[in-house]
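The values are calculated or read from the model by the stated rules, or taken from the named source; none is laboratory data. For clarity, every value in this text was computed on a predicted model and none was experimentally measured. Every residue, glycine as well, gets a Cβ built from its backbone with ideal geometry; the counts of neighbours run over all protein chains shown. The protein model used for the area step is the full one, side chains on, heavy atoms only, and it has no ligands, DNA or RNA in it. Shrake-Rupley method; radii C 1.70, N 1.55, O 1.52, S 1.80 Å.
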Amino acid sequence: MCGIMGYAGAGNAAAIVYNGLLRLEYRGYDSAGIAVMYDGKIKIAKKRGRVKELSAFCGELAGNVGIGHTRWATHGRPSDKNAHPHSSGKITLVHNGIIENYPKLKEELIASGGKFASETDSEVAAKLVDKNYDGDILEALIKSCKMLEGSYALMVMCEGFDGIAVAKYKSPVIIGLGDGGNFCASDEPALAGLCPGICVLEDGDFALITADEVKIFDSDGKRVERAVLENLAEEKSLDLCGYPHYMLKEINESPAAVRNTASAFSSCGKACEILSGAKRIILTGCGTAYHAALMGKRYIENFSSVHARADFAGELRYASRTAEEGDVLVAVTQSGETADTVEAARLYGSFGAKVLAVTNSPHSAITRIADGVVYADSGAEICVAATKSYSAQLAALYLCACVAAGGDVKAREEELFACSDMLRSFIERTDVRRLAERCSKSSAVYFLGRDLDYCAALEGSLKLKEVSYVFSAGYPAGELKHGTLALVDGKVACVFSITDPALAEKSASAVEQVLSRGGAAAVLTDIDGVKEEFGGRAEIISLPACGKYLAPLFSAAVMQLLAYRTAVILGRDPDKPRNLAKSVTVE
Ligand code: M6R
């Protein structure tokens with residue numbers, strides 16, 4: 001969270017950084033700022049609100065070196081004064097991360113005469129670098145970082161130095177190697193179309209970026225080389241292609257995500273080797289990725305005799321303190337940078353477990369920790385709400401489960417290809433507007449299902465609440481009568497997913513419980529008997545028959561469309577829900 005971007009070159013720094021920030025806005029969007037160096041002096045524009053608030057000021061910021069920030073507030077509410085960049089003396093910087101020991105450092109800086117203009121932890125870093133600056137910005141930054149605890153990606157400008165000094169620890173920094181200029185950014189999408197090559201900084205790295213060169217240093221200030229990789233960011237992923245929102249565009253890209261994930265699986269040899277030897281598989285992730293992990297656990301346990309478990313990444317460290325021979329930790333993460341997931345993977349790696357990453361971000365932190373990577377190949381996802389990345393994760397975990405079971409992977413890949421085609425036409429013809437109208441007027445929406453349908457329900461609920469702000473919760477259908485039923489009345493809507501014929505009768509009785517209390521029910525099903533039973537009494541959304549394991553791909557599409565339509569009816573911005581950010585790099 002928080003997107004940061006820097007540029008040094010022959011071009012107009014303010015315009016380049018501004019465009020980069022627009023592309024990074026999914027990392028945070030409560031305030032933004034840009035600083036540019038002109039004639040040895042630094043000028044700043046910063047404002048509460050979205051990046052576009054800065055457009056009026058860009059013309060006033062002439063210069064060829066600049067840094068910028070789009071914020072997701074951690075310390076200090078969104079305001080002009082808490083917006084980055086922060087300055088002290090000759091130093092101006094932007095920060096992504098959390099400086100955990102900032103209260104102590106702030107106290108010391110105040111005691112030695114420091115005056116603070118903001119409530120942020122980041123301003124402490126600016127003051128510290130200024131205090132340690134004695135003519136050499138790299139030296140000052142290295143010395144200051146030794147005093148910081150927490151996580152940081154820092155981009156620092158210093159009057160007198162025609163470039164940017166960068167520090168990285170537990171928050172991502174990508175360096176872009178351009179022709180006529182160099183870049184630094186939190187994430188690759190900011191660099192789409194700007195440079196062919198990138199370097200990914202490692203924890204403890206520093207860099208000096210000027211128009212002509214990039215120098216990278218380790219924590220002792222010794223020059224190091226980092227591999228030059230291909231810049232995979234594509235400008236087309238930033239294009240709305242005629243859709244009104246990224247969320248709708250990306251839901252429509254789910255079929256391609258499923259297909260591409262199945263195609264890419266043959267290149268995941270190392271990951272397959274690890275899975276084949278697994279005795280116990282612990283799946284983990286946060287938010288949507290955790291819901292995919294829950295589904296993955298069911299795939300593994302249904303297909304094989306391997307014991308599987310799924311835990312929230314933020315809770316995993318409290319669940320168990322050891323690993324056994326044959327343990328494999330599967331970390332599911334779209335961004336590959338989620339702090340809780342990365343830390344859980346690190347921890348299990350340190351216990352001796354093999355770590356496998358399921359991600360669509362090939363240059364992310366998780367891929368450097370993992371012993372093997374499975375690409376959930378959905379391409380860059382811009383909308384804060386995960387949609388196509390979830391579909392890709394389900395496809396990837398379906399194949400992983402097949403490998404763990406020693407099954408016929410080729411046959412499963414073929415199933416996914418066929419499923420991808422069915423999903424495309426299903427999304428095209430599915431209209432959930434009537435149900436969305438109902439949800440937009442409901443006091444609460446409950447998502448219910450059993451077994452795999454329960455995992456789908458949890459994700460449906462998360463999607464609806466995060467983009468529409470309508471209260472929702474996901475429950476096992478059997479749990480309804482143990483408490484939640486007390487909340488069901490004429491103002492409540494319940495969305496059931498019923499795709500397992502063996503469980504249909506039991507789930508149907510939960511639908512009856514809702515209807516007989518005056519609640520509205522919608523049923524997502526591919527089972528004819530269920531359609532007949534509730535036709536005319538509940539809103540029926542017919543799923544294509546594809547078997548219970550792949551049905552969640554279809555129910556996910558319905559629930560994503562439902563969340564999207566409800567958000568639009570209520571006038572919310574589905575791409576940038578309030579208070580959220582896409583890549584959560586703080587624990
Ligand atoms: O990048 P990750 O997959 O690790 O992100 C995990 C969650 O933060 C993410 O899935 C979040 O819940 C989304 N906003 C859900 O739509």
Exercise for the section: For residues that are among the hydroxyl-bearing types (Ser, Thr, Tyr) and touching a Phe, Trp or Tyr at 6+ places or on another chain (Cβ under 7 Å), scanning just segment 504-563, find the one that is nearest to Met295 (Cα to Cα). Expected result: Tyr549
Completion exercise
A careful count of residues in segment 462-500 that are free of Cβ contacts under 8 Å to residues at least 40 places away in the same chain, assigned to a helix (DSSP H, G or I) and not basic (Lys, Arg) gives 8
Fill in the blank from the handout: Scanning segment 428-450 for residues that are within 20 Å of Lys548 (Cβ to Cβ) and open to solvent by less than 50 Å² (accessible area, probe 1.4 Å), the one nearest to the chain's Cα centre (by Cα) turns out to be Phe447
Fill in the blank from the handout: Of the residues in segment 213-224 that are out of contact with any strand residue (DSSP E or B) (no Cβ under 7 Å at 6 or more places or on another chain) and exposed (fewer than 13 other Cβ atoms within 10 Å of the Cβ), the one that is nearest to Asn64 (Cα to Cα) is Glu213
Fill in the blank from the handout: Taking segment 297-316 and keeping residues within 16 Å of the ligand (Cβ to nearest atom) and of a type outside the set (A, V, I, L, M) leaves Asp311, Phe312, Gly314, Glu315
Exercise for the section: Would you mention how many residues in segment 566-580 are open to solvent by less than 10 Å² (accessible area, probe 1.4 Å) and of a type in the set (A, V, I, L, M, F, W, C)? Expected result: 1
Exercise for the section: Would you kindly identify the helices (runs of 4 or more DSSP H) lying entirely within segment 1-115 that contain at least 3 residues that are of a type in the set (D, E, K, R)? Expected result: 102-111
Practice task
Tell me which of these Thr210 doesn't satisfy, since it passes every other one: (1) buried (at least 24 other Cβ atoms within 10 Å of the Cβ); (2) over 25 Å from Ile98 (Cβ atoms); (3) among the β-branched types (Val, Ile, Thr).
Solution key: (1)
Fill in the blank from the handout: Residue hits (segment 330-356; open to solvent by less than 10 Å² (accessible area, probe 1.4 Å), closer than 17 Å to Ala392 by Cα and either over 14 Å from the mean Cα position of the chain (by Cα) or within 8 Å of the ligand (Cβ to nearest atom) (or both)) are Val330, Val332, Thr333, Gly336, Leu356
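One line per residue, one yes/no per condition, for (1) within 14 Å of the ligand (Cβ to nearest atom); (2) assigned by TED's automatic domain parsing to the domain that holds Ser31; (3) crowded, with 21+ Cβ neighbours inside 10 Å:
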site: Ala522; (1), (2), (3): no, no, yes
site: Glu533; (1), (2), (3): no, no, no
site: Lys548; (1), (2), (3): no, no, no
site: Phe554; (1), (2), (3): no, no, yes
site: Tyr564; (1), (2), (3): yes, no, yes
Practice task
Residues being open to solvent by less than 10 Å² (accessible area, probe 1.4 Å) and within 12 Å of the ligand (Cβ to nearest atom): count how many of those fall in segment 460-474.
Solution key: 5
Exercise for the section: Could you list all residues from segment 168-200 that are of a type in the set (Gly, Ala, Ser), out of contact with any Ser or Thr (no Cβ under 8 Å at 6 or more places or on another chain) and buried (at least 24 other Cβ atoms within 10 Å of the Cβ)? Expected result: Gly176, Ala185, Ala190
Exercise for the section: Within segment 79-98, identify whether any single residue is in contact with a strand residue (DSSP E or B) (Cβ under 6 Å, 6 or more places away or on another chain), modelled with pLDDT under 90 and farther than 16 Å from Gly3 by Cβ, and answer yes or no. Expected result: no
Problem - Unique residue being touching a Cys at 6+ places or on another chain (Cβ under 6 Å) and under 23 Å from Glu159 (Cβ atoms) when the list is Lys43, Lys81, Lys90 - result: Lys90
